[in-house]
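Novice: One structure follows; several queries about it will come next.
The values are calculated or read from the model by the stated rules, or taken from the named source; none is laboratory data. It should be emphasised that the depicted structure is a prediction, and the values quoted were computed from it without experimental measurement. With ideal geometry, Cβ positions are generated from the backbone for all residues, glycine too; neighbour counts draw on all protein chains shown.
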Amino acid sequence: MDTKLFLRIFEGFSIQRWNDLIRPFDMVEMDKAAEKMVLAYIIGKYEENKGHFIDWEWIIYASFFDLLRKIALCDIKAPVQQMLKREFLDEYMRLNEWVLNQYRGLINDDDLFSKFTIYVGQKAGYFKLSQELIPSLRVYNAAHKYATMRELDMLAVVNEKQRLEKIYTELQADIQPFLDLEGLQKIMTHQKPFDFLMKIEQLRFQTRWNQTPRVPATSVLGHCFYVATMTMLLGRQSNPNMCKRRIINNFFSALFHDLPESVTRDIISPVKQATDGLPDIVKKIEDEIVAKELVPLMEDFFRDEIIYYTSDEFSDRILDSEKQVKKVSWEDLNNFYNEDELNPVDGRLVRICDHLSALMEADISIKHGITSTHLATGRAGMLSHYKEGEVISGINVYKLFHEITA
């Protein structure tokens, strides 16, 4: 995978949303993508619980491809794109071709680029979506619309009503077709899943590296989506034969890997490592607070899965025949446990991508000329963390990290 693609995706932290309105805090595209996927997970789990098939892999790729489109088209507002699609179809087709061409040199995974091309075609209406995918599309679109509505709710605190009335009216009309979705109903009427979402949203307000100025600033929630995206991409590179459940588990394990910080806040690494015993103690405290404040907000039909994702999140693991967590090696994941029924997770891959994100957060700021002892030390620490030639989860991490910072 071309490391230039990783840098291009990182631009999602710099794309400002709602920049023609008064904003109480920075609203950036990466954070919107993250919240949308949290919402898709919640709404989709309600649909699964009712017996509907949800293609999580398709939703994961849709979120990634939409981010790529947004990065390429950041200066074109959504209503303008919709008008182009309705009234100037030929130009809209050429615009989509232009978007694909922006990434043709960056995505050297032919299968991934083919998926991207098909998705762009489905979104534009050139290719028909199969009936089997309709429930997944509806879940994804509902999550997209409500994520936008949540942003508007936050903007309403500091903007005059007249500035938002037309947008609210249009959004409410857009979300009407999805009101039969139980999860969306419960969120919009502020029931338990809304309280769960509110907790997760706190990660959007928490700034990473909060002891030092940095450009661009990144939130914990946006960081989680970036880590999830990197996990998907590097997973494809290191093991293109992953079973479907493993791809899904890896993505959502990464998306939720910092979930405890919604109730504990971001404890920076130097503090966590101040004493030898502190990391284990912090983890124990996190688990206790999560059990008390977060677990009661989860529905029975997805509680165990999120706990599986967030407990010992950086270990390679499966669920055995008795649904007990079993730690395994990456080699055994590939050779013996690469089956949907065993719920495999590449936890060490998630950790690599967590470190990769931290490295890029420091390195890109330093290259922008905004530096500090914290950033320089953090960058050096990440670069020295992995040994030269060491291969973990099929990835030469030392080589990757030095390429990305070259």
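Novice: Based on what the data block shows, is Leu129 surrounded by 17 or more Cβ atoms within 10 Å (Cβ to Cβ) and either among the hydrophobic types (A, V, I, L, M, F, W, C) or outside any helix (DSSP H, G or I) (or both)?
Specialist: Answer is no for this residue.
Novice: Please count how many residues of the stretch 348-390 are under 21 Å from Phe252 (Cα atoms) and basic (Lys, Arg).
Specialist: Within the stretch 348-390, residues that are under 21 Å from Phe252 (Cα atoms) and basic (Lys, Arg) number 2.
Novice: Can you tell me which residue is nearest to Met27 (Cα to Cα) among those in the stretch 147-169 that are free of Cβ contacts under 8 Å to residues at least 60 places away in the same chain and either out of contact with any helix residue (DSSP H, G or I) (no Cβ under 8 Å at 6 or more places or on another chain) or of a type in the set (S, T, N, Q) (or both)?
Specialist: The selected residue is Asp153.
Novice: Then there is this: What are the residues in the stretch 43-62 that are touching a Pro at 6+ places or on another chain (Cβ under 9 Å) and buried (at least 24 other Cβ atoms within 10 Å of the Cβ), if any?
Specialist: Listed by number, the residues that qualify are Ile43, Gly44.
Novice: Another question about this same structure. Looking only at the stretch 351-398, which residues are acidic (Asp, Glu) and surrounded by fewer than 15 Cβ atoms within 10 Å (Cβ to Cβ)?
Specialist: If we filter the stretch 351-398 for residues that are acidic (Asp, Glu), which is where we start, we get 354, 361, 363, 388, 390.
Selection gives Glu388, Glu390.
Novice: Let me ask another. Scan (1) touching a residue at least 24 places away in the same chain (Cβ under 8 Å); (2) surrounded by 15 or more Cβ atoms within 10 Å (Cβ to Cβ); (3) closer than 21 Å to Tyr61 by Cβ for the single condition Gly105 breaks and write down its number.
Specialist: (2)
Novice: With Leu234, Leu203, Leu259 as the choices, which residue is of a type in the set (A, V, I, L, M), touching a residue at least 12 places away in the same chain (Cβ under 8 Å) and part of a loop (DSSP other than H, G, I, E, B)?
Specialist: Numbers: Leu234 fails: part of a loop (DSSP other than H, G, I, E, B); Leu203 fails: part of a loop (DSSP other than H, G, I, E, B).
Exactly one of Leu234, Leu203, Leu259 is of a type in the set (A, V, I, L, M), touching a residue at least 12 places away in the same chain (Cβ under 8 Å) and part of a loop (DSSP other than H, G, I, E, B), namely Leu259.
Novice: Anything in the stretch 79-114 that is part of a helix (DSSP H, G or I), among the β-branched types (Val, Ile, Thr) and closer than 25 Å to Met232 by Cα? List them, or say none.
Specialist: The first filter runs over the stretch 79-114 and keeps only residues part of a helix (DSSP H, G or I), leaving 79-87, 89-104, 110-114.
Right, trim to among the β-branched types (Val, Ile, Thr) and you get 80, 99.
Residue satisfying the conditions is Val99 alone.
Novice: Continuing with this model, one more query. I'd like to verify a number: residues in the stretch 21-31 that are in contact (Cβ under 8 Å) with a residue 60 or more places away in the chain and in contact with a Phe, Trp or Tyr (Cβ under 9 Å, 6 or more places away or on another chain), how many?
Specialist: Total meeting the criteria: 5.
Novice: I want to confirm something. Restricting to the stretch 13-38 and keeping residues that are of a type in the set (Val, Ile, Thr) and assigned to a loop (DSSP other than H, G, I, E, B), which single residue is surrounded by the most Cβ atoms within 10 Å (Cβ to Cβ)?
Specialist: Checking each candidate, the answer is Ile15.
The rows are residues; the columns are (1) within 18 Å of Val220 (Cα to Cα); (2) among the acidic types (Asp, Glu); (3) at pLDDT 75 or above; (4) over 21 Å from the mean Cα position of the chain (by Cα).
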position: Glu261; (1), (2), (3), (4): yes, yes, yes, no
position: Asp266; (1), (2), (3), (4): yes, yes, no, no
position: Ser269; (1), (2), (3), (4): yes, no, no, yes
position: Pro279; (1), (2), (3), (4): no, no, yes, yes
position: Glu288; (1), (2), (3), (4): no, yes, yes, yes
position: Ala291; (1), (2), (3), (4): no, no, yes, yes
position: Pro296; (1), (2), (3), (4): no, no, yes, yes
position: Asp300; (1), (2), (3), (4): no, yes, yes, yes
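Novice: Could you go through the stretch 339-350 and let me know if any residue there is more than 22 Å from the chain's Cα centre (by Cα), closer than 29 Å to Asn210 by Cα and surrounded by 14 or more Cβ atoms within 10 Å (Cβ to Cβ).
Specialist: No - not one qualifying residue is present in the stretch 339-350.
Novice: A further question on this structure: Identify all residues within the stretch 313-334 that are outside any strand (DSSP E or B) and exposed (fewer than 15 other Cβ atoms within 10 Å of the Cβ); write none if there are none. Let's see the steps before the verdict.
Specialist: Here is the first cut: in the stretch 313-334, the ones outside any strand (DSSP E or B) are 313-315, 320-324, 328-334.
Within the stretch 313-334, Asp320, Ser321, Glu322, Lys323, Gln324, Ser329, Glu331 qualify.
Novice: Report, ordered by the first and then the second residue, all pairs with beta carbons closer than 6 Å, sequence separation of six or more or different chains, a first member in the stretch 38-58 that is touching a residue at least 12 places away in the same chain (Cβ under 8 Å), and a second member that is of a type in the set (Lys, Arg) and part of a helix (DSSP H, G or I).
Specialist: Every condition considered, the pairs that remain are Glu57/Lys244.
Novice: Next up: Scan the stretch 366-382 residue by residue and report those that are part of a helix (DSSP H, G or I) and over 24 Å from the mean Cα position of the chain (by Cα).
Specialist: Start the filter on the stretch 366-382 by keeping residues that are part of a helix (DSSP H, G or I), which leaves 366-367, 373-382.
Matches in the stretch 366-382: Ile366, Lys367, Thr373, His374, Ala376, Thr377, Ala380, Gly381.
Novice: Aliphatic (A, V, I, L, M), in contact with a Leu (Cβ under 7 Å, 6 or more places away or on another chain), under 30 Å from Asp320 (Cβ atoms) and touching a residue at least 60 places away in the same chain (Cβ under 8 Å) - does that describe any residue in the stretch 360-381?
Specialist: no
Novice: Sticking with this structure for a sec: Taking only pairs six or more apart or across chains, which ones have beta-carbon atoms under 7 Å, a first residue in the stretch 117-135 that is assigned by TED's automatic domain parsing to the domain that holds Glu48, and a second residue that is assigned to a helix (DSSP H, G or I) and of a type in the set (S, T, N, Q)?
Specialist: Qualifying pairs under 7 Å: Val120/Asn96; Ala124/Asn96; Leu129/Gln122.
Novice: Return the only residue of Glu160, Glu201 being assigned by TED's automatic domain parsing to the domain that holds Ile9 and acidic (Asp, Glu).
Specialist: Of the residues listed, the single one that is assigned by TED's automatic domain parsing to the domain that holds Ile9 and acidic (Asp, Glu) is Glu160.
Novice: Does the stretch 70-84 contain at least one residue that is outside the structural domain of Leu356 (by TED's automatic domain parsing), in contact with a Ser or Thr (Cβ under 8 Å, 6 or more places away or on another chain), crowded, with 20+ Cβ neighbours inside 10 Å and touching a residue at least 60 places away in the same chain (Cβ under 8 Å)?
Specialist: Checking the stretch 70-84: not a single residue is outside the structural domain of Leu356 (by TED's automatic domain parsing), in contact with a Ser or Thr (Cβ under 8 Å, 6 or more places away or on another chain), crowded, with 20+ Cβ neighbours inside 10 Å and touching a residue at least 60 places away in the same chain (Cβ under 8 Å).
Novice: Would it be correct to say that Ile200 is under 21 Å from Phe301 (Cβ atoms) and under 17 Å from the mean Cα position of the chain (by Cα)?
Specialist: yes
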